[in-house]
Structure formats: structure tokens, C-alpha cells
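Chemist: To start, I am sharing the structure in question, which I have written as C-alpha cells.
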Amino acid sequence: MQFEIGRAYGGLPPPEESGWPHSRDHQYSLCLICEDRPGEEFRALPWLAGRSRRPTPRAPARMVITWGSEPNSRIEEIARTIIETPFTRRTWSELLFLLTGIPIAFLGFAFIGVTLTAGVVLAITFIGLAIIAIAVRGARGIGGIQRRLAAALLNEAIEEPRAFSPRPGYLGWLQSALRDRTGWKAMAYVAIKVPLSIVAFFTAFSVWWDAFRNLTYPFWGIANHGGLAEWGVIQVLFHPGYLSPWNSGPIVGLATVITGVVFFFIAPWPVRFFDYLDRLLMRTLLAPDAMTVRIRNLERARAQTVDASAATLRRIERDLHDSTQAQLVALAMRLGMAKEKLADPDHLDIDQVANLVNDAHKGAKEAIVELRDIARGIHPPALDVGLEGALATLAARSTIPTELIATIDERPSPAIEAIAYFCVAELMANVAQHAFASRATVSCSQQGRWLRLVVRDDGIGGARAVSTGSTSSGLSGLSERVRTVDGNFEVTSPPRGPTVVTVDLPLRA
């Protein structure tokens, strides 16, 4: 079942014609579409809404709310996720991260404990302070190992903190090391990681161990005449012999294998839970503080803005030099030749002069068109009527059927409107050229002080941002453009689709 809520602004019939006392300037209507009976529609009477904040007419907007025809689709999705999870690469990467992090945590804790103890004992001398400084620097190195391990196995990109920059001299190095907040935070991470690893090993890994032991029971249990595979949290939660009242026999073997299968599908989730806690811990203690991240983002955004402005200026200069300037030079030459012909009345050829003037007139019109195209690349004229109208123009010009859903209460700043327009234009061009899609949807909505753009298509999927060297194009270029205003750019495009690109922009830049 689909509910379509349409909205039209302005242009309502008089109250005596419609039967509704609408003194407002827009109305809503509800359309119910039955998926099983696509030829039938049930349209409800329109009802009036509150007065629009802007009296300027805007483009029509629609919102479609769809419920699946099968009520058990959500249950089937959960069941499919549970069945497929143990066989995914992510599950085994998370297990490997858990097992690899345990010895790193214990070795790091032993190193920090020994060095800190020795440093505190010898703190009355400079040797003790140097040992403490070595402990802080070592903790920073352990934090770096954990960040790289999380990036390799969990695909968790934790930003690197500011590099250690000591002051000159031994005392300067010692003072810088003892004041290194990154090292002390990494030391706190190691101290919390150790008990977390113990609990994770006793609970999450023990479920994997019991699953493996139960599944292989026919190979070792029969030869040993029994002996259940209970260890860790399973042994705590269940009493011995919970699988069967007997100690041996085929019933115990069958029950053990069935239990192993159940544990096999349950085991990934405790590991994922503890890895999630570890992610939170790393983001809190191993990532740079908010001020450092903000400064770094501003520096990167400023550099990207400068590069983008320089590229735009080079493009405009190249277009003017290679195209428009050549047209104007040819125009001047034709007018000069016509002037020379007119200066010699004795040998005046009216037809030749007319041809030169016609060619000059044609060249002038071509130069005007090219100048208009260059100006359109700087600021699209469609934005003069607002972002909603510009997006409606893009949707209408698309080569594939495109549905536009636009709800904007407050007009964004011109810079944000331009970025949003170019993002949608580039994404729609990608859909038409590469997605092999049959339809697309463009959604533009205001959420508080943010503007959210969502472009969705039913194509083949597999879209990803690609950067080559120092130049970026396509999705990568759009991501850089969005980040210059502290926006967010996210692409979700699994193989076989659908592709969903979400762009979040502030209303004011």
C-alpha cells in the first residue's frame, strides 16, 4: 500500500467553486494506491494546511510512504542476517581483532606498569622522570598500533593525533613527553583495555570455542567416551550435562552437534558487541580531541577551497582563451576586412562586404552563447528562482524518470544552494551514464539548520569515490566540495544496487 501526499502552492479555485473555505495559499491531498490493484486509486478530499512562510509560489512536491505487502519481510530479513553473518568476512575480521588485541593489551600493560613503577621509585632523580617519559612515549606507540589494527581489520578509520613535536634539548624533550596528552590518554586506554579483554575472552571467545568443540564432538568425544565441551560463559550459565541426562551415546552426540550449530550462529554477536565497546574506547582515548579535529578540518577545508577556486579560475581562463577569445579575434578580423573593402569605393564589392558582415554577426552571436555558457558554469540561472525550482528543472531534464520530493521552509545561502545544485546535477549525470537505472528519486528536505539531499536509483550499484593522484573527480570531487562547508557526503551502493547518496549541508555557509 502506498500513501502519496501531494502539495500544491497557490492557484487554488475560489471557495465557491471548490466548496472549501480556503483563505490559505496551499493545500494537501491524499492518494492511496493499492499495489495489488495498480489500476485503481482512492483519492481523499483535500484539506487545508497553515499559511506558508513565503508567499512566493514554489514547485509542486510529493511525498510517498510505502509499506511492504508482506508483513513478515522484517522477520525474514533478521533471519537472513543471522544465518549469513557467520560466513561474512567482517565476522572473522572482528574475531581476529579481538584475539590480536588481547596480547597487545597485556604486553602494553606490562610495559607501562614496569616503566611507571620504576619511574615513580626513581622519581627523585632525572632518571625516574626519563623512565616515565619513556612510558608515555611507549603508550603513544601502542595506541598507534591499535589504530592501525582497527583500520585493517574493522575498517575503523580513527584519525591520527597530532605528531609528537619535542622542544630542543634533553630538558625540552623531557618536558614535552611528560605533557603529551596523547600518550597519557593511550595509557588510560591500555589500562581499560586489559579488563575489557579478559571479559571479552571469557564470554565472546568462549562461545566460539564451545561452538567449535561441539561441532567437532564426533571426532573427539566418542573416542574419549563423552566429556562435554563446556567452558567460559557457557559453563557458568548452564549446569554440567545440560545437553543430555546421559553421559554418552548417540543422543548426546547429536545434541552436542545441534548445540554447536546454535552456538555457531550466536557467536559473532558477542564478539561484535565487545568490538563495538573497543571502538568507542578508541574514539574516546586514541583519537585527537575535538579542538584538534576542528582545526584540522578547517585547514583541510581551506586548502580544498583554495584549490577549487584556483581550478575554477583556470577553467574560466582556458575557456575564454581557447574559445571566446578566438571567436572575438575572428570577429575583429572580419570587421577589419569589411572596413578595408568599404574604404576603397572604386573596387567595392557589396556582396563580399555583406558576406563578411554576416559572418561577423554570426561569430558575435556564437561568442555571446559561449559567454553565457561560461557564466552558467559559475552560477546556474535556474537558482534565481530558488533551489526547489532548480532541482525541478534538473529532474525534468533527466533522461530517466525522476521523482522529486522537496520540502524547504527556509532558503539556504547562495553558496549552499550552488553546492546542492551541482551535487544533484553530477549525481543525476552519473545515474544516467553509469547506473543503468530505470528510475531515480531526488529528495531535498530541511532538518533543523541542515539541508539533506538524497539521490536514489535502482541501478546496478557498485558506485564508489575514486581519487587519482592529487586530482579528484566524480563522487570524490563532490565529497571534497561538501566538506569545504563542514557537510557530510555518504555513498551506499552495494552490488546489484540500489545506490543511495546522502548529502548533508548546513543552511548557512
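Chemist: Between a first residue in the stretch 450-461 that is farther than 13 Å from residue 395 by Cβ and open to solvent by less than 10 Å² (accessible area, probe 1.4 Å) and a second residue that is outside any strand (DSSP E or B) and among the β-branched types (Val, Ile, Thr), which pairs have beta carbons less than 8 Å apart while being 6 or more apart in sequence or on different chains?
Modeler: Pairs found: 451/408; 451/416; 459/431.
Chemist: Are there any strands (runs of 3 or more DSSP E) wholly within the stretch 381-487 with 1 or more residues that are of a type in the set (Lys, Arg) and either under 30 Å from residue 294 (Cα atoms) or under 22 Å from the mean Cα position of the chain (by Cα) (or both), and if so which?
Modeler: 450-457
Chemist: Let me ask something additional. Would the stretch 377-389 turn up any residue that is under 28 Å from residue 476 (Cα atoms), modelled with pLDDT of 80 or more, exposed (fewer than 12 other Cβ atoms within 10 Å of the Cβ) and in contact with a strand residue (DSSP E or B) (Cβ under 8 Å, 6 or more places away or on another chain)?
Modeler: Looking for residues that are under 28 Å from residue 476 (Cα atoms), modelled with pLDDT of 80 or more, exposed (fewer than 12 other Cβ atoms within 10 Å of the Cβ) and in contact with a strand residue (DSSP E or B) (Cβ under 8 Å, 6 or more places away or on another chain), one finds none in the stretch 377-389, hence no.
Chemist: Which of the residues spanning the stretch 100-128 are of a type in the set (A, V, I, L, M, F, W, C) and crowded, with 16+ Cβ neighbours inside 10 Å?
Modeler: Residues satisfying the conditions are 102, 104, 105, 109, 111, 112, 116, 118.
Chemist: Would you say residue 139 is of a type in the set (Gly, Ala, Ser), assigned by TED's automatic domain parsing to the domain that holds residue 186 and over 30 Å from residue 268 (Cβ atoms)?
Modeler: Answer is yes for this residue.
Chemist: For residue 138, work out the one condition from (1) surrounded by fewer than 18 Cβ atoms within 10 Å (Cβ to Cβ); (2) touching a Ser or Thr at 6+ places or on another chain (Cβ under 8 Å) it doesn't fulfil.
Modeler: Among (1) surrounded by fewer than 18 Cβ atoms within 10 Å (Cβ to Cβ); (2) touching a Ser or Thr at 6+ places or on another chain (Cβ under 8 Å), the lone unmet condition for residue 138 is (1).
Chemist: Just to verify a result, which residue in the stretch 165-182, among those that are closer than 17 Å to residue 291 by Cα and in contact with a Lys or Arg (Cβ under 7 Å, 6 or more places away or on another chain), is most open to solvent (accessible area, probe 1.4 Å)?
Modeler: Applying the filter and picking the extreme gives 182.
Per-residue answers, yes or no, for (1) more than 30 Å from residue 414 (Cα to Cα); (2) in the same structural domain as residue 427 (by TED's automatic domain parsing); (3) out of contact with any helix residue (DSSP H, G or I) (no Cβ under 8 Å at 6 or more places or on another chain); (4) open to solvent by less than 30 Å² (accessible area, probe 1.4 Å):
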| position | (1), (2), (3), (4) |
| --- | --- |
| 328 | yes, no, no, no |
| 332 | yes, no, yes, no |
| 340 | yes, no, yes, no |
| 356 | yes, no, no, yes |
| 360 | yes, no, no, yes |
| 363 | yes, no, no, yes |
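Chemist: For the stretch 154-161, state whether one or more residues are touching a Gly at 6+ places or on another chain (Cβ under 9 Å) and surrounded by 13 or more Cβ atoms within 10 Å (Cβ to Cβ).
Modeler: Yes.
Chemist: Then there's this: Is it true that residue 367 is under 20 Å from residue 451 (Cα atoms) and either under 26 Å from the mean Cα position of the chain (by Cα) or assigned by TED's automatic domain parsing to the domain that holds residue 334 (or both)?
Modeler: no
Chemist: If you scan the stretch 493-508, which residues turn out to be at pLDDT 90 or above and more than 15 Å from residue 444 (Cα to Cα)?
Modeler: Passing the criteria: only 499.
Chemist: Taking interchain pairs and intrachain pairs at least six residues apart, which have beta carbon atoms under 8 angstrom, with the first residue in the stretch 173-189 and free of Cβ contacts under 8 Å to residues at least 24 places away in the same chain and the second surrounded by fewer than 22 Cβ atoms within 10 Å (Cβ to Cβ)?
Modeler: From the stretch 173-189, the pairs are 175/167; 176/164; 176/165; 176/166; 176/167.
Chemist: Let me ask something additional. List every residue pair whose Cβ atoms lie under 8 Å apart, where the two residues are 6 or more positions apart in sequence or sit on different chains, the first residue falls within the stretch 102-120 and is at negative phi and not assigned by TED's automatic domain parsing to the domain that holds residue 183, and the second residue, located anywhere, is in a helix (DSSP H, G or I) and open to solvent by 90 Å² or more (accessible area, probe 1.4 Å).
Modeler: none
Chemist: Taking the stated definitions as given, is residue 191 aliphatic (A, V, I, L, M) and either open to solvent by less than 40 Å² (accessible area, probe 1.4 Å) or more than 26 Å from residue 278 (Cα to Cα) (or both)?
Modeler: In short, no.
Chemist: Sticking with this one: Inspect the stretch 199-211 for any residue being modelled with pLDDT of 90 or more and small (Gly, Ala, Ser) and give the result as yes or no.
Modeler: Looking through the stretch 199-211, at least one residue is modelled with pLDDT of 90 or more and small (Gly, Ala, Ser).
Chemist: What are the pairs with Cβ atoms under 9 angstrom where one residue, in the stretch 287-301, is over 10 Å from residue 484 (Cα atoms) and the other, located anywhere, is open to solvent by 70 Å² or more (accessible area, probe 1.4 Å)? Sequence gap at least six, or different chains.
Modeler: 287/160; 288/160; 288/162; 289/181; 292/162; 296/162
Chemist: Which one of these does residue 96 not meet: (1) in the same structural domain as residue 149 (by TED's automatic domain parsing); (2) within 19 Å of residue 209 (Cα to Cα); (3) open to solvent by less than 80 Å² (accessible area, probe 1.4 Å)?
Modeler: In the conditions (1) in the same structural domain as residue 149 (by TED's automatic domain parsing); (2) within 19 Å of residue 209 (Cα to Cα); (3) open to solvent by less than 80 Å² (accessible area, probe 1.4 Å), residue 96 misses (3) alone.
The values are calculated or read from the model by the stated rules, or taken from the named source; none is laboratory data. Note that the structure is predicted; figures quoted are calculated from it, not measured. All Cβ positions, glycine included, derive from the backbone under ideal geometry; neighbour counts span all protein chains shown. Just the protein is used for accessible areas: all its heavy atoms, side chains included, with ligands, DNA and RNA removed. Shrake-Rupley method; radii C 1.70, N 1.55, O 1.52, S 1.80 Å.
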